[in-house]
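A.B. asks: There's a structure below that I have some questions on.
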Amino acid sequence: MAHLIDRTPEFTHAIERTNLPRFLSMADTMDGVCHPALLQTNGREQSLLFSQPAYRTLGNRLVATERTAAHLRTLLNQDGLLSFSALEALPRMVIGHSRDRVYGQAIDGFLKRMRDRRETYDVVSTMTAMRMLAAGRLDYTFAAPVQAGYYFARNRRLPGTRLTSFALENVPAVSQSHVVCSRGPVSEKLIARVNSLISGPEFRAAWWPTYERWLDADARSDAQRLLPAP
């Protein structure tokens, strides 16, 4: 955000910390309301203006503490992925998830099957899931690894507890997100300016170190392989 703001002085910027539903509500009624990084999902493009793809990052993965991860690691297939069939064959585990979050078709389908087996726990947020993982109240959850690492680090956790994340079979390994604004003439001008800024190497150099900082060791290794610098 700082990189983009510094390079668009022709606009007056005001930063407001808010959740996604609040942003979407504001975007419905005001021009020039923007989000620095949002996935493009069905329906959003009808009410929002999307920049060109701005970030290539790792997508949703299974996230666990090392205690559980040591057991899950033995289930990895030859491609280094966890399959949902292998997870379903495990003895009872408690899986944290948010009913309000869309994880994607494969993960959502798995969660529905596990809800029917009463092996899931509805959490309020990713931050809550990280707190419960550290306390041993969940065996694993699903999240983008950068979210997991950031929220885990923000919470008081058990001494020596660390996160590990695993890529999942039939789940896209990489996500593309965009700078997004509400519709209107101010937003149109800003998105055009953003598109001129995000195509160069300076933009990646501005956000990549912070992104990589929050990744667990497994995710960092995958990121270096899947998301090389251009």
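The values are calculated or read from the model by the stated rules, or taken from the named source; none is laboratory data. What you see is a predicted model, and the numbers here were worked out from it, not measured in a lab. Because the Cβ atoms are built from the backbone with ideal geometry, glycine has one as well, and the counts that use them run over all protein chains shown. To get the accessible areas, we keep the full protein, side chains included, count just its heavy atoms, and leave off ligands, DNA and RNA. Shrake-Rupley method; radii C 1.70, N 1.55, O 1.52, S 1.80 Å.
A.B. asks: Looking only at the stretch 33-46, how many residues end up being in contact (Cβ under 8 Å) with a residue 12 or more places away in the chain, over 25 Å from residue 6 (Cα atoms) and either open to solvent by less than 50 Å² (accessible area, probe 1.4 Å) or not polar (S, T, N, Q) (or both)?
C.D. replies: 1
A.B. asks: Would you please list the contacts, defined by Cβ atoms under 8 Å and residues six or more apart or on different chains, that run from a residue in the stretch 194-212 that is more than 13 Å from residue 7 (Cβ to Cβ) to a residue that is open to solvent by 70 Å² or more (accessible area, probe 1.4 Å) and in a helix (DSSP H, G or I)?
C.D. replies: From the stretch 194-212, the pairs are 212/220.
A.B. asks: Let me ask you something else. For residue 86, state whether it is touching a helix residue (DSSP H, G or I) at 6+ places or on another chain (Cβ under 7 Å), free of Cβ contacts under 8 Å to residues at least 24 places away in the same chain, open to solvent by less than 50 Å² (accessible area, probe 1.4 Å) and more than 27 Å from residue 201 (Cα to Cα).
C.D. replies: yes
A.B. asks: Surrounded by 15 or more Cβ atoms within 10 Å (Cβ to Cβ), in contact (Cβ under 8 Å) with a residue 40 or more places away in the chain and part of a helix (DSSP H, G or I): does that describe residue 153?
C.D. replies: For residue 153, the condition - surrounded by 15 or more Cβ atoms within 10 Å (Cβ to Cβ), in contact (Cβ under 8 Å) with a residue 40 or more places away in the chain and part of a helix (DSSP H, G or I) - is not met.
A.B. asks: Tell me, yes or no, whether the stretch 181-192 has at least one residue that is surrounded by fewer than 19 Cβ atoms within 10 Å (Cβ to Cβ) and within 15 Å of the chain's Cα centre (by Cα).
C.D. replies: No, the stretch 181-192 contains no residue that is surrounded by fewer than 19 Cβ atoms within 10 Å (Cβ to Cβ) and within 15 Å of the chain's Cα centre (by Cα).
A.B. asks: Let me ask you something else. Out of (1) β-branched (Val, Ile, Thr); (2) open to solvent by 70 Å² or more (accessible area, probe 1.4 Å); (3) not in a helix (DSSP H, G or I), the odd one out for residue 210 is which?
C.D. replies: (3)
A.B. asks: Let me ask something else. Six or more apart or on different chains, Cβ atoms under 6 Å: show the pairs whose first residue is in the stretch 166-183 and closer than 20 Å to residue 215 by Cα and whose second is buried (at least 19 other Cβ atoms within 10 Å of the Cβ) and among the basic types (Lys, Arg).
C.D. replies: Close Cβ pairs satisfying both conditions: 166/61; 167/61.
A.B. asks: A further question follows. Could you tell me which of the residues 144, 148 is within 25 Å of residue 208 (Cα to Cα) and in contact with a Gly (Cβ under 7 Å, 6 or more places away or on another chain)?
C.D. replies: Only one candidate passes the filter, namely 144.
A.B. asks: For the stretch 173-214, how many residues are in contact with a Leu (Cβ under 6 Å, 6 or more places away or on another chain), farther than 30 Å from residue 79 by Cβ and among the hydroxyl-bearing types (Ser, Thr, Tyr)?
C.D. replies: 1
A.B. asks: Then there is this: Say we look at the stretch 116-144 and pick out the residues that are assigned to a helix (DSSP H, G or I) and open to solvent by 80 Å² or more (accessible area, probe 1.4 Å); which of these is modelled with the highest pLDDT?
C.D. replies: Top of the filtered list is 131.
A.B. asks: Here's something else I'd like to know. Pairs under 7 Å by beta carbon, first residue under 12 Å from residue 218 (Cβ atoms) and open to solvent by 10 Å² or more (accessible area, probe 1.4 Å) in the stretch 62-78, partner at pLDDT 90 or above and among the aliphatic types (A, V, I, L, M), six or more apart or different chains?
C.D. replies: Short answer, once both residue conditions are applied: 76/82.
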